[in-house]
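Worksheet: one structure, shown below.
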Amino acid sequence: MSARSIRAVIFDLDGVLTDTAELHFAAWKRLADEEGLAFTREDNERLRGVSRRQSLEFLLRGRAVSEEQAEALMARKNEYYRQMIQRLTPNDLLPGAARLLTELRRAGIRVAIASASRNARDVIERLGIASLVDALTDGDSVTRARPAPDLFLHAAKQLGVPPEQCVVVDDAAAGVQAARAAGMRVVGLGPTARVGSADLVFASLESVHLNDIVKRDA
Ligand code: MG
């Protein structure tokens with residue numbers, strides 16, 4: 001990475017440390033089936049890192065609902081999702097995640113998780129990584145979702161590290177954009193078609209090591 005000292009790493013949660021996208025899919029799919037709405041696994045890719053309300057809007061595809069109905073639909077999906085996350089264990093961490101978090105902790109690098117999910121705290125506790133994380137910024141912490149920089153700026157503030165000394169790790173195009181808007185370096189995980197504009201791109205955390213993301217001044 002660039003010749004600049006990095007003091008903090010801010011991780012996205014879904015798609016980076018764990019694959020809750022599969023559980024979000026199952027929960028939305030159940031709701032969609034009950035409501036007679038078409039929703040495929042491919043559609044679910046569009047919901048990566050997207051807020052609960054925007055996800056519902058996508059699902060409804062213009063079908064008009066009152067605010068009360070929208071809230072009831074979101075609450076029902078969340079209920080299904082919350083049932084599903086009860087089953088999460090440390091085995092649901094993606095390959096490389098626990099190792100990298102431990103490497104960062106040993107090196108004295110500050111770590112935050114920035115997730116759009118209001119269920120992020122529960123997920124982190126079930127994954128058994130709460131003690132490896134210094135700060136959590138979630139969907140309740142800010143109002144503007146990615147690609148706005150707010151979530152990452154909030155995380156940096158909580159850590160007390162200036163944006164230029166933070167690296168973001170995200171799997172969504174909107175996350176890469178948000179990190180840039182925050183003035184942070186960014187590591188993209190996934191296909192280049194999705195995260196190709198990141199400073200560094202890896203298929204998954206499995207091939208990412210401390211020195212790849214935290215290079216000291218040259
Ligand atoms: Mg994500």
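The values are calculated or read from the model by the stated rules, or taken from the named source; none is laboratory data. The model shown is predicted, which means the values in this text are computed figures rather than measured ones. No Cβ is skipped: glycine too gets one built from the backbone with ideal geometry, and neighbour counts run over all protein chains shown. Just the protein is used for accessible areas: all its heavy atoms, side chains included, with ligands, DNA and RNA removed. Shrake-Rupley method; radii C 1.70, N 1.55, O 1.52, S 1.80 Å.
Table for the structure above
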read-out: Of all residues making up region 179-212, the number that are in a helix (DSSP H, G or I) and either closer than 15 Å to Val16 by Cβ or within 12 Å of the ligand (Cβ to nearest atom) (or both); value: 7
read-out: Criterion: within 13 Å of the ligand (Cβ to nearest atom) and surrounded by 12 or more Cβ atoms within 10 Å (Cβ to Cβ) - qualifying residue of Phe11, Phe58, Phe39; value: Phe11
read-out: Residue among Val176, Val142, Val123 that alone is surrounded by 18 or more Cβ atoms within 10 Å (Cβ to Cβ), touching a His at 6+ places or on another chain (Cβ under 7 Å) and either within 13 Å of Thr18 (Cα to Cα) or without any contact (Cβ under 8 Å) to a residue 40 or more places away in the chain (or both); value: Val142
read-out: The lone exception for Trp28 - which of (1) open to solvent by 30 Å² or more (accessible area, probe 1.4 Å); (2) at pLDDT 95 or above; (3) over 30 Å from Ala156 (Cβ atoms) it fails; value: (1)
read-out: Selection within region 145-160 - touching a residue at least 40 places away in the same chain (Cβ under 8 Å) and either within 14 Å of the ligand (Cβ to nearest atom) or surrounded by 22 or more Cβ atoms within 10 Å (Cβ to Cβ) (or both); value: Ala145, Arg146, Phe152, Ala155, Ala156
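Rundown of residues vs (1) open to solvent by 20 Å² or more (accessible area, probe 1.4 Å); (2) of a type in the set (D, E, K, R), yes/no style:
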residue	(1), (2)
Leu127	no, no
Pro163	yes, no
Ala172	no, no
Met184	no, no
Gly188	no, no
Glu206	yes, yes
